[in-house]
1. Quick one: S118 ticks every box in (1) assigned to a helix (DSSP H, G or I); (2) polar (S, T, N, Q); (3) farther than 17 Å from Q84 by Cα bar one, so which box is it?
2. Filter segment 52-94 down to residues that are more than 22 Å from I141 (Cα to Cα), part of a loop (DSSP other than H, G, I, E, B) and touching a Gly at 6+ places or on another chain (Cβ under 7 Å), then give me how many there are.
3. Check whether at least one residue in segment 144-154 is closer than 30 Å to K189 by Cβ, buried (at least 21 other Cβ atoms within 10 Å of the Cβ), of a type in the set (V, I, T) and under 12 Å from the mean Cα position of the chain (by Cα), and report yes or no.
4. With (1) assigned to a helix (DSSP H, G or I); (2) crowded, with 21+ Cβ neighbours inside 10 Å as the list, and L97 as the residue in question, which single condition is left unmet?
5. Looking only at segment 100-110, which residues are farther than 17 Å from Q65 by Cα and crowded, with 18+ Cβ neighbours inside 10 Å?
6. Limited to segment 130-153, what total is found for residues that are closer than 18 Å to G81 by Cα and part of a strand (DSSP E or B)?
7. For the structure I just gave you, tell me whether L128 is without any contact (Cβ under 8 Å) to a residue 60 or more places away in the chain and of a type in the set (A, V, I, L, M).
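Only the coordinates and a few stated rules stand behind these numbers; no lab work does. Every value quoted in this text rests on a predicted model; they were computed, and no experiment measured them. Here the Cβ positions follow ideal geometry from the backbone for every residue, glycine too, while neighbour counts run over all protein chains shown.
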Amino acid sequence: MKISTFIQMSLISIASLGVFSLPAHAENSIFSASKNDQKQWVGKAAPAFKLKDQNNTWHDLKQYQGKWLVLYFYPKDNSPGCTQEANQFKALYPQFLKNNAVVLGASLDDVASHQTFSKKLDLPFPILADNNHQLANQLGIVRNLGILKIAKRETFLIDPQGIIVYHYTSVDTQSHAGQVLADIQHLKK
């Protein structure tokens, strides 16, 4: 294995395990964004997007009007934390559907990578390939690890009118899907 490939995979593994999952307000970390870069999204319209999923199907924000939209970003396909998080959303996916909610995963990986990841886990929901960083840059969640860029593990809960009602910047891969589902159920009351 080349040294650069080894370093890249090591950084991905460390980032995926959440070692770099620091609060968005941490000011002294080289891995966190400055206050100016961290966008405050709650109460604002979700940015428009048009991205392909693992099946080469296009998705855009407009097609989800009238539904709750869970847009969860994760660092890397096939990493331990990302696999765990995807499996949590998969397990609760029928409950999301019962609550008029759509789940969309997203990372900076390409369509081919998403195809392999989705097939391996038998995921019932789309995973968007933001490999040009279009949406992640708009949301201010691209993490630069030197030679590698990944999306931060953050989630945006968008209401049926297209407004972001929650921006989760601290995500526990074991319980996050349940937390988002509970928040949708609470907001629907």
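1. Every condition holds for S118 apart from (3).
2. Counting residues in segment 52-94 that are more than 22 Å from I141 (Cα to Cα), part of a loop (DSSP other than H, G, I, E, B) and touching a Gly at 6+ places or on another chain (Cβ under 7 Å) gives 1.
3. no
4. Looking at each condition in turn, L97 falls short on (2).
5. Scanning segment 100-110 gives G105, A106, S107, L108, D109.
6. 5
7. no
Let's see how each residue does on (1) over 19 Å from N78 (Cα atoms); (2) hydrophobic (A, V, I, L, M, F, W, C); (3) touching a Leu at 6+ places or on another chain (Cβ under 8 Å):
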| residue | (1), (2), (3) |
| --- | --- |
| Q138 | yes, no, no |
| I141 | yes, yes, no |
| N144 | yes, no, no |
| R153 | no, no, no |
| G162 | yes, no, yes |
| Y166 | yes, no, yes |
